[in-house]
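Just below is one structure, and these are the notes that go with it.
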Amino acid sequence: MYKIMTPGPTQVKENVRLARAKECTNPDLDEEFVEFYKETCELISSLLHTKNETLILDGEGILGLEAACASLTEPGDKVLVLDNGIYGKGFADFVSMYGGKPELYTVDDKNPINPSALEEYLKLNHDYKYATLVHCDTPSGMLNDIGSLCPILKKYGIMTVVDSVSGMFGEEVRVDDYQIDILCGGSQKAVSAPPGLTFVVVSETAKKAMAARKTPIASFYANLKVFEGYYEAKWFPYTMPISDIYGLRVAFDNIAADKDMLKRHTIIGNACRKAVTEAGLKLHLESGFSNTVTVFDVPEETTAKDILDTMRKTYHIMLAGSFDTLAGQVIRIGHMGSNANKEDMIATLDALDKTMQQLGVSLKGSMREIFEREYERSI
Ligand SMILES: *Cc1c(COP(=O)(O)O)cnc(C)c1O
């Protein structure tokens, strides 16, 4: 058994695992399940500070992103793809797949997207149906300020699609205040349920845009319109994964009961970054650090593979490397959701101190000790 300290999937608490073992009903025919589904969706909306409707879809995070693009994009639609990271850029593929014309707004990938620079760009270029943004671009740990960026886009009548799969509940998300038209989340990041579910929060504006389409949505599974009127009709478009949703509900009950969740992420994120930098390692980003994940460059003396293998084989702790353009270059410590606790962080940094020593990387201090000092100072 490993201690999972990856930026998703994260550790799953026992009460979530046990809820998935509950006896099942027929989710197609039992009206109590329809009530339970709707209540769970309403709980998610309230935790994200919105009156907009949430839908839980049967597929992991990627399905939410694809469903948002499939449901909004008509052939020829221009879509602005904000790109300062791998997931950011990746949205362009979903837009093209459904016949849209993505236009990349590609900026520096070591710093968050600058709201005033975006505003300048939009003054001259604003003929877009919607824009895609990533809250926390997990491969680099980049946190974009969606609370400033979305309202700027909306000023020009551009709908906003936000991927906060690895941001929400570790970083604040206020859907109504930020003016997010479709927000995408997943079960396996800070929510701390097993992988397998995604949920989308859909505004009235986005629903109107779907209703006004001239062409049908070119998908069934990724079509958000097929959920329309499900509650009144007591009819889901496909059989809901009832046990997964029982588990998800308990994960959200845990979040609702955890009043210090955001504060704890801030303290742990700050203390972890301090530990890494004071010990002489280099954070990958210049600014825009998400409190859900810490990403540092692999020191010259060793390789990502050696660090990850030693951590796993000797200390039974799983950290993550990265992928695509960042493959082999960085190590990621995922401290989101149930991973974000003092004991697991101390065990992880203690093992990382020893791993670095074993691999011939000399540190200027103990990451474990620096973390503990900073943590105690902040609480
Ligand atoms: C994890 C994640 C997703 C979902 O994709 P996976 O296939 O679960 O990796 C989507 N967007 C972001 C930013 C993520 O971190």
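If you go through the stretch 116-144 and keep only what is of a type in the set (Asp, Glu) and within 11 Å of SER290 (Cβ to Cβ), you end up with just ASP137. Here GLY64 meets each of (1) within 16 Å of the ligand (Cβ to nearest atom); (2) more than 17 Å from the chain's Cα centre (by Cα); (3) touching a residue at least 60 places away in the same chain (Cβ under 8 Å) with one exception, condition (2). Among residues that are part of a helix (DSSP H, G or I) and farther than 20 Å from GLY170 by Cα, THR302 is not included. All conditions but one from (1) within 21 Å of GLU103 (Cβ to Cβ); (2) surrounded by fewer than 17 Cβ atoms within 10 Å (Cβ to Cβ) apply to VAL161; the one that does not is (2). Exactly one residue out of THR325, THR294, THR277 is among the hydroxyl-bearing types (Ser, Thr, Tyr) and farther than 21 Å from ASN144 by Cβ: that is THR277.
The residues of the stretch 67-94 that are without any contact (Cβ under 8 Å) to a residue 60 or more places away in the chain, more than 12 Å from the ligand (Cβ to nearest atom), surrounded by fewer than 23 Cβ atoms within 10 Å (Cβ to Cβ) and among the charged types (D, E, K, R), listed by number, are ASP77, LYS78, ASP93. Of all positions in the stretch 164-171, none carries a residue that is of a type in the set (S, T, N, Q), within 16 Å of the ligand (Cβ to nearest atom), farther than 24 Å from ALA193 by Cα and in contact with a Pro (Cβ under 9 Å, 6 or more places away or on another chain). Checking the condition within 11 Å of the ligand (Cβ to nearest atom), surrounded by fewer than 24 Cβ atoms within 10 Å (Cβ to Cβ) and touching a residue at least 24 places away in the same chain (Cβ under 8 Å), which residue from PRO139, PRO151, PRO195 passes? Going through PRO139, PRO151, PRO195 in turn, just one is within 11 Å of the ligand (Cβ to nearest atom), surrounded by fewer than 24 Cβ atoms within 10 Å (Cβ to Cβ) and touching a residue at least 24 places away in the same chain (Cβ under 8 Å): PRO195. Does GLU103 fit the bill of being within 15 Å of VAL201 (Cα to Cα) and either away from the ligand (no atom under 15 Å from the Cβ) or assigned by TED's automatic domain parsing to the domain that holds LEU285 (or both)? When the stated conditions are applied, GLU103 does not pass them. A residue that is in the same structural domain as ASP83 (by TED's automatic domain parsing), within 16 Å of the ligand (Cβ to nearest atom) and either touching a residue at least 24 places away in the same chain (Cβ under 8 Å) or more than 26 Å from ALA21 (Cβ to Cβ) (or both) occurs somewhere in the stretch 249-270.
The values are calculated or read from the model by the stated rules, or taken from the named source; none is laboratory data. Owing to the predicted nature of the structure, the values given are computational and were not obtained by experimental measurement. Cβ: placed from backbone, ideal geometry, glycine included. Neighbour counts: every protein chain shown.
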